1. Quick one: what pairs do we get from the range 159-176, first residue at negative phi, second among the acidic types (Asp, Glu), C-beta under 8 Å, 6+ apart or different chains?
2. Go through ALA8, ALA13 for me and flag whichever is loosely packed, with under 10 Cβ neighbours inside 10 Å and either polar (S, T, N, Q) or at pLDDT below 85 (or both).
3. Failed condition for ARG69, given (1) in a helix (DSSP H, G or I); (2) under 14 Å from ALA263 (Cα atoms); (3) among the charged types (D, E, K, R), with all others met?
4. Just give me the residues in the range 72-99 being part of a helix (DSSP H, G or I) and more than 19 Å from the chain's Cα centre (by Cα), in sequence order.
5. For residues that are surrounded by fewer than 17 Cβ atoms within 10 Å (Cβ to Cβ) and either in contact (Cβ under 8 Å) with a residue 60 or more places away in the chain or in a loop (DSSP other than H, G, I, E, B) (or both), tally how many sit in the range 177-209.
6. Of the residues that make up the range 76-93, is at least one out of contact with any helix residue (DSSP H, G or I) (no Cβ under 9 Å at 6 or more places or on another chain) and within 25 Å of GLU222 (Cα to Cα)?
7. Working only within the range 67-94, note down all residues that are at pLDDT below 90 and over 19 Å from LEU278 (Cα atoms).
8. Kindly indicate whether VAL212 is in a loop (DSSP other than H, G, I, E, B), crowded, with 19+ Cβ neighbours inside 10 Å and in the same structural domain as SER83 (by TED's automatic domain parsing).
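The values are calculated or read from the model by the stated rules, or taken from the named source; none is laboratory data. A quick note: this is a predicted structure, and the numbers were derived from the prediction, not measured. We place every Cβ from the backbone using ideal geometry, glycine too, and count neighbours over all the protein chains shown.
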Amino acid sequence: MTTTGMEARTTFARSPQLARRQRLSNIARWVFLATTVSSLFVLLFLGIDLARSGAGRIGWDFFTSFPSRNASAAGLRSSLIGSAWLLAMTVLFTVPISVGTAVWIEEFAPRNRFMDFVKLNLANLAGVPSIIFGVLGLVVFARLFGLGPSLLTGALTLFLMIMPMTVIASQEAIRQVPPSLREGSLALGLTEWQTTWYQVLPTAAPGILTGVILGVSRAAGETAALIMIGAFAFIAFDNTSPFDSFTTLPIQIYNWTVRPQPAFQEIAASGIIVLMVLVLAFNLTAAVIRERFRR
């Protein structure tokens with residue numbers, strides 16, 4: 001390096017502008033650290049408060065008893081069964097349609113302005129509030145199709161709600177597949193569909209499964225959309241059909257929290273603990289699947 005270049009570099013290093021940038025960088029680092037620590041502190045405080053309020057109520061009877069007007073006898077049986085039905089049906093709709101849409105867009109769809117418009121609207125739909133999907137489910141599925149406040153209506157509504165984010169996640173996973181893998185497969189004589197089925201999808205599976213599981217975990221905690229379609233009901237029976245009325249764990253918790261009696265507030269805290277464990281289990285499953293497929 002020439003002497004002139006070294007002098008210019010030294011002058012720049014001592015410039016007030018660089019010093020100001022370094023100060024701002026240090027300030028930003030401490031601000032972000034303080035924000036993270038504050039968030040963790042709030043979560044820890046809420047977790048301890050929930051554990052004190054509701055941990056003592058959790059037991060086998062709490063999972064096997066139906067809701068009741070008597071807080072000491074109330075349980076989560078119907079809401080757990082309803083949630084299991086609802087999430088299973090949501091996955092049944094979400095996986096083939098969302099993954100198929102992502103595969104078609106990335107592998108087979110033409111590259112034109114119309115497809116750019118479709119991708120833009122998918123991104124916009126991912127940010128739409130859930131209550132809007134609830135209104136859509138009420139108007140289209142519950143009333144127009146005559147399904148009423150049934151499990152099928154709830155599953156279709158949740159499917160529409162999480163479809164944009166699962167499609168986007170699947171698209172990103174498919175884009176990460178190296179082009180050389182496709183080119184090598186086609187060079188060996190496989191068709192475009194065989195290349196997609198045997199090469200692209202297995203390689204993109206970790207990202208696709210992660211997106212689906214995270215979408216389902218969002219659906220597991222959904223309340224507003226289901227209340228809109230009429231799922232806010234007292235259910236004291238086991239669901240046996242997709243056309244049954246239903247309740248879910250978040251709705252049952254909401255039902256208990258709106259009651260003024262302290263006993264119902266305690267069992268609501270117990271239900272929140274159960275819901276948090278289930279959602280964390282979904283997220284942990286997504287992380288495990290992603291890491292296992294990557295290895």
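1. Once the first residue is at negative phi and sits in the range 159-176, its partners that are among the acidic types (Asp, Glu) give MET161/GLU222; GLN171/GLU106; ILE174/GLU106; ILE174/GLU107; ARG175/GLU106.
2. Numbers: ALA8 fails: loosely packed, with under 10 Cβ neighbours inside 10 Å.
Among ALA8, ALA13, only ALA13 is loosely packed, with under 10 Cβ neighbours inside 10 Å and either polar (S, T, N, Q) or at pLDDT below 85 (or both).
3. Unmet condition: (1).
4. First, the residues of the range 72-99 that are part of a helix (DSSP H, G or I): 72-73, 77-99.
Correct list: SER72, ALA73, ARG77, SER78, SER79, ILE81.
5. Counting residues in the range 177-209 that are surrounded by fewer than 17 Cβ atoms within 10 Å (Cβ to Cβ) and either in contact (Cβ under 8 Å) with a residue 60 or more places away in the chain or in a loop (DSSP other than H, G, I, E, B) (or both) gives 7.
6. So in the range 76-93, the residues out of contact with any helix residue (DSSP H, G or I) (no Cβ under 9 Å at 6 or more places or on another chain) come out as 81, 84.
After this cut, where a residue has to be within 25 Å of GLU222 (Cα to Cα) as well, the list is 81, 84.
Yes.
7. Within the range 67-94, PRO67, SER68, ARG69, ASN70, ALA71, SER72, ALA73, ALA74 qualify.
8. Values: in a loop (DSSP other than H, G, I, E, B): no; crowded, with 19+ Cβ neighbours inside 10 Å: yes; in the same structural domain as SER83 (by TED's automatic domain parsing): yes.
Against the criterion (in a loop (DSSP other than H, G, I, E, B), crowded, with 19+ Cβ neighbours inside 10 Å and in the same structural domain as SER83 (by TED's automatic domain parsing)), VAL212 does not qualify.
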